[in-house]
Each structure stands twice: as C-alpha cells, then as structure tokens.
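To start, the structure under review is shown below, and the notes come after it.
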Amino acid sequence: MVTFNRRKAKTKAGSMLKLRLAKQQAGAAEEGALAARPLPRRGVYLLPNAFTTAALFCGFYAIVMAMNLKFDHASIAIFAAMVLDSLDGRVARMTNTQSEFGAQYDSLSDMVSFGAAPALVVYEWSLRGLGKLGWLAAFVYCAGAALRLARFNTNIEVVDKRYFQGLPSPAAAALVAGFVWLMDDLRFAGADLDWLSWGITLYAGLTMVTNVPFYSFKDINFRKPVPFIVAFLMVLALVAISGDPPKVLFGLFVLYGLSGYAIYFWRWFKGKPVSIVQTEIEGGEDGEPH
C-alpha cells in the first residue's frame, strides 16, 4: 500500500502563510510610519520675495505714472525695478533660500516691470500719435519680453552662462525707459520723436528674441579681492551717474544694447557664426537638450 507524506505539504503551506502575514504586517507598519510622519510645510521665503514684490510694485507704479503723464517718475521706477531685480536672486543665493516659487514669481514680476510697463510708458509718451503702428510696436516689445523670459526659463541649463541669448529684458526696458527719461529731461515732446521712439521700441523688442550673445557678467566673482583702482573706478562711475543720470544711464545701455552685435560679428569674423534668429529645434531627436 502506498503512503503519502502530508506533513511536508502542511509545513510548506504554513511557511507560505507565515511569510504572507509577515509581509502584511510590514506593509501595515510602513503605512503607519508614513501616516505618523509630519508632512513638509509649504511656504515661501520672505526676504528674496520681498525684493521681487518691491520690483513688481515699481513696474506697476511706472504704469500709473505714465497714465498720469509723469514720464520721468515712470522711467525712474523702471530703473529702480532693475536694481531690485538684480538683488532678489543674489539675496536668495546668499541666504540659501532659492525656491521654484521664487523663480516663477520673479519671472511674472519681470514681465510687468520690463515687459508691460516700458511698452505702455513709451506708447503713452510718444507712440499714441502713430495710431495702429504705434500700439503694434508697443505690442511687439511686450511680446518679445514675454518670449525672452519664457526662453530664458527653459534654456537656463543648456546655454553658456557667460552670455545671454538675446538682449535681456531689464536692459531692453532700460533702453526704452532711458530714452523716454532723457528726452523728457531735455524737454522734447514725445510727438516730435514718434518715429525714433518707434524704431528704438522695435529694436529692443526684436533683439530680445534673437540669438545675439550679450555678456552676462555672471562669471565675475565679487568675493575675490580686486585691485585698489577698481574701487576708485566704481566711485567715478557713481559720481558720473549721479551727475546726470538720464544721459549717463541711457548712454551705458545704448552701448550694451549694441555690444551683442559687436560680439556676434566678431565671432562671425573668427569663423564661429551663430544664427541671429533661431530656425531649428533645440535638443536632440528625443527632445533632450544637447
């Protein structure tokens, strides 16, 4: 008579049951630990976002002053927004308070201060008399600033940090607002310079969306010691700016606004041409950046 050993089967089934129970207990313990763990607090850093808010306020103030026909106040507010915009990122890095919220908030603030505000200021000052051509030029500038900021956010990890890709929006705003400030200071009427204003506005708006390289000054290490003459030159620069801010600031940003094309043609002369207008998709076949 054949006998069967049932004890091994029971032992095997029992071990599998114990293993299953152990896994269930481990899963329950892990879920309990996750439930007991406190959720991370969501918030925003006060200090860098305070500078961004101040820059946003300056942009809004510039729009209000332009509506009240106080174009000198409007232009000064845009330059103040530039100073504040240059500080918020540095403060965030120095205090280790960078955040994705801060980056997005900064872009929205820049769109108001360096996109909408300069376009509305120059339109109210000079372009209104040109009718459709006037507000279309202001819109081209505003759209160029929006595209410039969006491209900067998406290409920040794949471009040479020593150079901006196109004219940066604060410099474009300084070019437009500086012209308004200078001409208003010289008592020129905006209606008499409408075509010149039109040309400067279009130049700034279109240059923002080109591939022309503009030096970013990001490779300068401000923590390293510098020769004494550098400190003296900084004092002379501050004295020159305070002596006649409209002329000096506008002149500086005109030079900067043309410097990108000088770099472009220098690279072209050296056999390193760069397409002024991007005509190809950036990245590889699968959409990954090069």
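Where a number appears in this text, it was derived from the coordinates with a stated rule and is not lab data. These numbers come from a predicted model, not from an experiment. Ideal geometry is used to build each Cβ from the backbone, glycine not excepted, and the neighbour counts take in all protein chains shown.
Enter the Cα centre distance for the pair segment 220-275 and segment 75-127, rounded to the nearest angstrom.
For segment 220-275 versus segment 75-127, the Cα centre distance is 20 Å.
Tell me, what HN-Hα J-couplings in whole Hz come from the Karplus equation 6.51 cos²θ - 1.76 cosθ + 1.60 at θ = phi - 60° for each residue of segment 175-190, using x for Gly and Pro?
5, 6, 5, x, 5, 4, 4, 5, 5, 5, 5, 8, 6, 8, 7, x
Quote the charge dipole size of segment 46-269 about the Cα centre in Debye, to the nearest 20; the model charges only the Cβ of Lys and Arg (+1) and of Asp and Glu (-1). Please report the intermediate quantities before stating the final value.
Values: 15 positive and 15 negative charges, 94 e Å.
Using only the charged Cβ atoms, the result is roughly 460 debye.
In this model, which of Lys218/Lys270; Lys70/Lys247; Lys132/Lys218; Lys218/Lys247; Lys70/Lys218; Lys247/Lys272 are farther than 30 Å apart at the alpha-carbon? List each step's numbers first, then the result.
Working: Lys218/Lys270 24 Å; Lys70/Lys247 18 Å; Lys132/Lys218 40 Å; Lys218/Lys247 26 Å; Lys70/Lys218 35 Å; Lys247/Lys272 35 Å.
Beyond 30 Å: Lys132/Lys218; Lys70/Lys218; Lys247/Lys272.
Size of the dipole of segment 116-203 about the Cα centre, Lys and Arg at +1 and Asp and Glu at -1 on the beta carbon, nothing else charged, in debye to 20? Don't jump to the answer; show the numbers that get you there.
Details: 7 positive and 7 negative charges, 53 e Å.
Around 260 debye, computed over segment 116-203.
Suppose each label sits 7 Å from its Cα in the direction of the beta carbon; what would the Leu69-Tyr215 distance come out to in nanometres?
Output for this residue pair reads 4.3 nm.
If we count every other residue with Cβ under 13 angstrom of Thr97's Cβ, Lys/Arg +1 and Asp/Glu -1, where does the sum land? Don't skip to the end; give the middle numbers.
Working: positive: Arg90, Arg93; negative: Asp88, Glu100, Asp106.
Value of the local net charge: -1.
Would you kindly state how much longer the chain becomes between Lys272 and Asp192 on full extension, computed as 0.36 nm times their sequence separation minus their alpha carbon distance, in nm to one decimal?
Full-extension gain reported as 24.6 nm.
To the nearest 0.05, what FRET efficiency results for Leu133 and Val226 with a Förster distance of 41 Å applied to their C-beta separation?
My answer for the efficiency is 0.30.
Can you give the local net charge around Lys247? Use residues other than it whose beta-carbon is closer than 13 angstrom to its beta-carbon, Lys and Arg +1, Asp and Glu -1.
Working: positive: none; negative: Asp184, Asp185, Asp244.
Residues close to Lys247 contribute a combined charge of -3.
So for segment 53-105, Kirkwood radius off the Cα pairs, Stokes-Einstein at 25 °C and 0.890 mPa s: how many µm² s⁻¹?
On the way: Rh = 11.9 Å.
Reported coefficient: 207 µm²/s.
Would you pull out the residues with amide H under 5 Å of Tyr163's amide H, same chain only if 5 or more places away, H placed 1.01 Å from N?
Ser216
Just want the ordering: Phe179, Phe114, from fewest to most Cβ atoms lying within 10 Å of their own Cβ. Display every interim value, and only then the final one.
Values: Phe179 25, Phe114 31.
With the fewest neighbours first, Phe179, Phe114 line up as Phe179, Phe114.
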